[in-house]
1. Please compute the contact order of the range A:13-142 in relative form: average sequence separation of alpha-carbon pairs under 8 Å and at least six residues apart, divided by the residue count, as a percent.
2. Please check: in the Gaussian network model of chain A (C-alpha springs, under 10 Å), which one of A:G105, A:G41, A:G128 has the largest mean-square fluctuation.
3. If the protein assembly as shown were replaced by its equivalent ellipsoid, with semi-axes equal to the square roots of 5 times the Cα gyration tensor eigenvalues, what would those be, largest first, whole Å?
4. Of the candidates A:S62, A:S132, A:S83, which one comes out as most mobile in a Gaussian network treatment of chain A with C-alpha springs shorter than 10 Å?
5. Run the label-point distances for B:R133 please: 7 Å along Cα to Cβ, every other copy, nanometres, shortest first.
6. Count charges around A:F103 for me, please; just the other residues with Cβ under 10 Å from its Cβ, Lys/Arg as +1, Asp/Glu as -1.
7. Let me have the 222 nm mean residue ellipticity of the protein assembly as shown computed from DSSP H runs of 4+ only, each contributing -39500 (n - 2.57), with the sum over all residues rounded to the nearest 500.
8. With an 8 Å Cα cut-off and a minimum separation of 6 or more residues, compute the relative contact order for the range B:11-82 in percent.
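Please treat every number below as a calculation from the coordinates, not as lab data. Values in this document were obtained by computation on a predicted structure and should not be read as measured data. Ideal geometry is used to build each Cβ from the backbone, glycine not excepted, and the neighbour counts take in all protein chains shown.
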There are 2 protein chains.
Amino acid sequence: MNLQQKKTSAPDTTVLEKLRASGLRPTRQRLALAKLLFGRGHCHVTAEGLFNEAKQTHVNVSLATVYNALHDFTAKGLLREISVDSSSSYFDTNTDDHHHFFFEGTGELQDIPPDSVRIAALPEAPGGSAISRVDVIIRVRD
Amino acid sequence: MNLQQKKTSAPDTTVLEKLRASGLRPTRQRLALAKLLFGRGHCHVTAEGLFNEAKQTHVNVSLATVYNALHDFTAKGLLREISVDSSSSYFDTNTDDHHHFFFEGTGELQDIPPDSVRIAALPEAPGGSAISRVDVIIRVRD
DNA sequence: CAAGTTGATTAGAATTTTTCTAAACTGCGA
DNA sequence: TCGCAGTTTAGAAAAATTCTAATCAACTTG
């Protein structure tokens, strides 16, 4: 047995625990997708993009399942959904409070550290309703 | 002749001029849609929503034409496109610099006057690229 | 520990949203 | 007025997303 293989299996346990902790059943499909999403540094994916990655890794899931998983993960707070572009929505593995650059040419997203944008004077939400999130997207030509 | 009818025809001229000034041909379809969009106070519409309004006003246009018109108007700076929701994009007749409340329950948008949000410390765009726009969306539960 | 029960999950099918492109139209010059 | 060139429309196609019936997985119960 090769040590290289052992190395890659270590984060799988973390991913499994992550699913268990969220209350989602760790099915074959979800585990495989979660491994792709969380088994590396933070990233921004689209459903189509993750679906293609899955295919390349010989993980057999339907596109509908990818959508289901992304939405389930988002509902459990494992991902954050971002709408910047009418073409498709992005899912961010970084769920901490932060903002984004959007490169209009390539359609790519990049995180902005939370303290490099400061919002002074937030308005009151109308009708006394609660603010659930503030999204700042800085669009950049490239 | 009724004075009431005269009243509603006055803004049509403005709408016609608006189209002419932008360089878009004032076709029957565009005029009808522009009248719906600009013949009243600022509003936020979806393609589907505008299409339904058109039908109710007995304006015969296809949904594809509504999309074409909305995108053409946006390209000429008559509208601003906003992505908040993966379900569909919104078009805002207010093209001045301003931000939005998004009511997650009803899916409605509301303008925030520009000076009630102040952004201190905007980060440098990476690679020296130019910032084309900064969008702030405050999501509200309702 | 096998079988049944219940609720969660998957993925093919359907729907919705958006774009593409051939046909129709418009304005212009001959 | 006629024909040409570019613009606009809208039916058809594509892309994105959701729906739902079939499948599966965890938990009883015998």
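1. Details: 143 pairs, mean separation 24.6, N = 130.
Rounded, it is 19 percent for the range A:13-142.
2. With Cα springs under 10 Å in chain A, the top fluctuation among A:G105, A:G41, A:G128 is at A:G128.
3. Numbers: eigenvalues 360, 94, 65 Å².
After scaling each eigenvalue by five and taking roots: 42, 22, 18 Å.
4. A:S132
5. Ordered by increasing distance: 2.0 nm.
6. On the way: positive: A:R139, A:R141; negative: A:E104, A:E108, A:D142.
Cβ neighbours under 10 Å give a net charge of -1.
7. Only helices count here, giving -12000 deg cm²/dmol.
8. 28
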